Amino acid sequence: MIALVDCNNFYVSCERVFQPQLETQPVVVLSNNDGCLISRSDEAKALGFAMGEPYHLARPRLQQHGVRVFSSNYALYGDMSRRVLRVLSDFTPEVDVYSIDEAFLNLDGLQYCAGAGLDAYAQAIRRTVLAHVGIPTAVGVAPTKTLAKLANRLARRQPPAQRVLVLATEEQRWAALSQTPIADVWGIGRRYAPKLEAAGIRTAADLVGAPESWVRRHLGGVVGVRLWQELRGQPCLDFDPAELAAEPGQPAPGRHSVTCTRSFGQPQRSLVALSEAVATFTSQAAEKLRRHGLAAHVLTVLLGTDKHAPGSGPPTHTAVVALPTATSDTGELIGVALQRLRQLARPGTAYHRAGVTLSGLEPAGQAQLSMFGHSAEQLQQRQQLMARLDALNARFGRGTVRHAATGLGDTAWRGRRNMMSALYTTDWQELWAVRS
Amino acid sequence: MRITPFSVGTDWAGQTLPLFACAVPAGFPSPADDHLDAPINLHEMLFTHPASTFLARVSGDSMTGAGIRHDDIIAVDRALQPQDGSIVVAVLDGEHTVKRLRRLGEQTWLEPDNPRYPIIRLNEGCQLVIFGVVTHVIHSFRERKARAVPPTARPRKRP
């Protein structure tokens, strides 16, 4: 059996752990640059605030209802997510991390949760995460990932203390399938839902009742059949347990690229600002590479214009460079990235976002020396330099020592996050404060 | 009081200190000291439950009798069951506060450890929310400014 543990309103819940006065208040958390609403407390949902609603439009109503608004504090959410996963890994050795606030747990082979014990086990997972980390969750348990997702969705609608649903028997599975509108099935998406409804398939149960040949023809072939089988209780999706505590220097399995993309606080026209942004993203991506002991062969620079502006051509422009040798050297990568950026950026164009992707990854240290590149000795020196850089930044805080190309101080492109809570768990200066 | 001196590295976080398994006598060396034991890791002591332990900075002096002073750092573990007499972080008027938890039969109250502060009795029917149990206190004998707390890279602008 597979359990899907999903944190309720995760970002809001993280804020509430450190600010108990928020417990009964309506609270929302905004996306990067305070763009739109990405996490809402149940109270805020009840007031009619929608997921993804643009902040500048919702603002008057938020003020009117006295809703507490926060910029996203990803350092905090990341730390809380790690804590939740750590608790979950006490319940099963196989945890498949789906997102920052969701994970699948493989409960097979755990004898204490066989049969009727499953419900008690799921309750214990919920209770323990809440007690130990302070984050409320919903738990759906079923034979397949798709059914676990479906069970979780139904569990989420229950009062907080009862957000557990186990689909162990045929009756339980059918009841859940017939309660689930087809559009809410994981993997159906907006494109297929109207098509299925038109064909008289309104619930997940209707789809399970359809013959395989029909599903194959009308639901995207093999992919559709897999989904259909998952709903019937036959596991078709891979279970991919995460390496929770990956040893530093060990490449993360299955990682094909490292991307760092961000929207700007305000649209940027100047090449100076764009260069600073691209250099910063390159530094962050390179640091991530080194953390995983990887080097990249390919660098992609991305610039984005306003997605919502009509008739201005494609909103995203990219330039790809193949590097002569795989590297994770920040200086070298910044040099290449900025050279490409100068070719890519059109003067006077307002860019809304930028990013850098490093791909073609291989374990560091295997690179073939290039004829015109650094000598082996130089390479070693550069590697030592990068190691020192990472050590200093790990000790004194992110970006303490950085390349001058990343710019100095706060500039407009760095974005808005005026309503961010403190870095309660990751920064000595902003440590969680308690009265005595 | 017996004091055993040993030197401590400058880098607090993640730093480990070598531990000798037994006293080192002059003369014939103990064969056990041919190799070092596993080094001491301060984290192991502070974070017996890494997922559920949070560090907090204390402000105020209501717990000085218990050895928790203004500006100290405490480790708070949510995984532990609070008992009568535990020092806890509790929620009081929507804020976190450090106090000693007292329980007698049906009654629960919070006790400061400083005669200048009153005992906090809970109103009838009031549910006390406890964040966690305080397991350790870290007190520095140096001024905060002089202490080796790593500075943040860029001070964030606060509205």
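The values are calculated or read from the model by the stated rules, or taken from the named source; none is laboratory data. Keep in mind that this is a model prediction, so the values were computed, not measured. FYI the Cβ positions are ideal-geometry reconstructions off the backbone, even for glycines, and counts take in every protein chain you see. Accessible surface areas use protein heavy atoms only, side chains included; no ligands, DNA or RNA. Shrake-Rupley method; radii C 1.70, N 1.55, O 1.52, S 1.80 Å.
Summary table
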{"read-out": "Enumeration of residues in the range A:413-436 that are under 18 Å from B:V137 (Cα atoms) and in contact with a strand residue (DSSP E or B) (Cβ under 7 Å, 6 or more places away or on another chain)", "value": "A:T425, A:L431, A:W432, A:A433, A:V434, A:R435, A:S436"}
{"read-out": "Tally, over the range A:350-379, of residues that are among the hydroxyl-bearing types (S, T, Y) and either open to solvent by 40 Å² or more (accessible area, probe 1.4 Å) or modelled with pLDDT under 65 (or both)", "value": "2"}
{"read-out": "First in the range A:320-344 and over 25 Å from A:G304 (Cβ atoms), second anywhere and of a type in the set (S, T, N, Q) and surrounded by fewer than 18 Cβ atoms within 10 Å (Cβ to Cβ), Cβ under 6 Å, 6 or more apart", "value": "A:P324/A:S370; A:T325/A:S370"}
{"read-out": "Qualifying residue in the range A:155-162 (condition: within 30 Å of A:E23 (Cα to Cα), open to solvent by less than 70 Å² (accessible area, probe 1.4 Å) and at pLDDT below 90)", "value": "yes"}
{"read-out": "Subset of the range A:131-154 (residues that are surrounded by fewer than 21 Cβ atoms within 10 Å (Cβ to Cβ) and within 14 Å of chain B (Cβ to nearest Cβ))", "value": "A:A131, A:P136"}
{"read-out": "Top-ranked residue of the range A:67-114 - restricted to ones that are closer than 30 Å to A:W428 by Cα, touching a residue at least 24 places away in the same chain (Cβ under 8 Å) and of a type in the set (D, E, K, R), ranked as farthest from the other protein chains (Cβ to nearest Cβ)", "value": "A:E102"}
{"read-out": "Complete set of residues in the range B:105-125 that are in a strand (DSSP E or B) and within 14 Å of chain A (Cβ to nearest Cβ)", "value": "B:L110, B:E111, B:I120"}
{"read-out": "Subset of the range A:396-436 that is basic (K, R) and in contact with a helix residue (DSSP H, G or I) (Cβ under 9 Å, 6 or more places away or on another chain) - its residue that is modelled with the lowest pLDDT", "value": "A:R416"}
{"read-out": "Strands (runs of 3 or more DSSP E) enclosed by the range A:84-202 - at least 1 residues per element that are more than 24 Å from A:D238 (Cβ to Cβ) and aliphatic (A, V, I, L, M)", "value": "A:164-166"}
{"read-out": "Residue in the range A:55-66 that is open to solvent by less than 20 Å² (accessible area, probe 1.4 Å), within 12 Å of chain B (Cβ to nearest Cβ), over 22 Å from B:A79 (Cα atoms) and out of contact with any Lys or Arg (no Cβ under 7 Å at 6 or more places or on another chain) present", "value": "no"}
{"read-out": "Some residue of the range A:149-159 being within 26 Å of the chain's Cα centre (by Cα) and under 20 Å from B:R78 (Cβ atoms)", "value": "no"}
{"read-out": "Index of the failed condition, A:D6 passing every other in (1) buried (at least 17 other Cβ atoms within 10 Å of the Cβ); (2) acidic (D, E); (3) within 14 Å of chain B (Cβ to nearest Cβ)", "value": "(3)"}
{"read-out": "Yes/no for B:I68 being surrounded by 13 or more Cβ atoms within 10 Å (Cβ to Cβ), of a type outside the set (G, A, S) and part of a loop (DSSP other than H, G, I, E, B)", "value": "yes"}
{"read-out": "Test: A:T261 is assigned to a loop (DSSP other than H, G, I, E, B), open to solvent by 20 Å² or more (accessible area, probe 1.4 Å) and not basic (K, R)", "value": "no"}
{"read-out": "Residue list for the range B:85-104, filter: more than 9 Å from chain A (Cβ to nearest Cβ) and open to solvent by 80 Å² or more (accessible area, probe 1.4 Å)", "value": "B:R103, B:L104"}
